[in-house]
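For reference, the structure discussed in these notes is given below.
The values are calculated or read from the model by the stated rules, or taken from the named source; none is laboratory data. The structure presented is a predicted model; accordingly, all values stated were derived computationally and were not measured. All Cβ positions, even for glycine, are placed from backbone atoms using ideal geometry, and neighbour counts span all protein chains on display.
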Amino acid sequence: MMSTRGFARRAVIAACAAIAFVVAAGGQNALALSDFTVRDIRVDVSPLRATAGDPTATWVEQELPRRLAQALAGRLTPKGGTLVVRIDTLTLGPNSGATIHGGSSPDNIGGVAMIGGRQWPVRATSTYYASPIDQTMIEQSNHYRVSQLVQALVFWLSRDL
């Protein structure tokens with residue numbers, strides 16, 4: 001009985017140490033990324049265009065570089081690297097609002113950011129609350145939702161860099 005408890009205690013201590021190591025390594029990674037300066041911003045929506053099509057891919061392609069440039073204005077320098085953001089997925093929840101989410105729909109965007117030979121996954125989520133007028137203006141509503149996702153993604157990207 002005693003050896004089983006000792007083994008369980010050692011397993012818990014090892015697991016806690018592993019978690020602490022992962023958290024510390026993640027923090028080091030975030031600190032290392034914050035040293036990058038940006039010279040240029042490129043956005044690749046070709047995977048998104050293949051899955052979601054237009055106008056969704058075009059909206060992201062137009063808005064993401066502009067918003068990133070605004071958010072990173074203090075980090076732009078001629079000696080920096082090129083920030084490439086590839087958007088792989090964008091999903092909009094139901095336009096009518098999902099009953100399981102209290103009348104809201106979760107919207108998601110995801111992809112990969114790359115700079116200076118490093119890459120990391122990026123994603124963001126926003127919440128859409130259905131409005132009766134949105135049902136008659138679905139394209140405008142969807143454009144607004146994509147804009148909200150881009151804004152959320154820029155927030156997280158600007159914190160990571």
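What to note about this one:
- A Cβ distance below 6 Å, combined with a sequence gap of six or more or placement on separate chains, defines the contacts here; from region 83-94, residues that are basic (K, R) reach residues that are assigned to a strand (DSSP E or B) and crowded, with 19+ Cβ neighbours inside 10 Å in the pairs R86/G111.
- Candidates are the residues of region 47-88 that are modelled with pLDDT under 95 and of a type in the set (S, T, Y); the one that is farthest from H143 (Cα to Cα) is T77.
- One residue stands out among those in region 112-161 that are hydroxyl-bearing (S, T, Y) and in a helix (DSSP H, G or I): the one that is farthest from R66 (Cα to Cα), which is S141.
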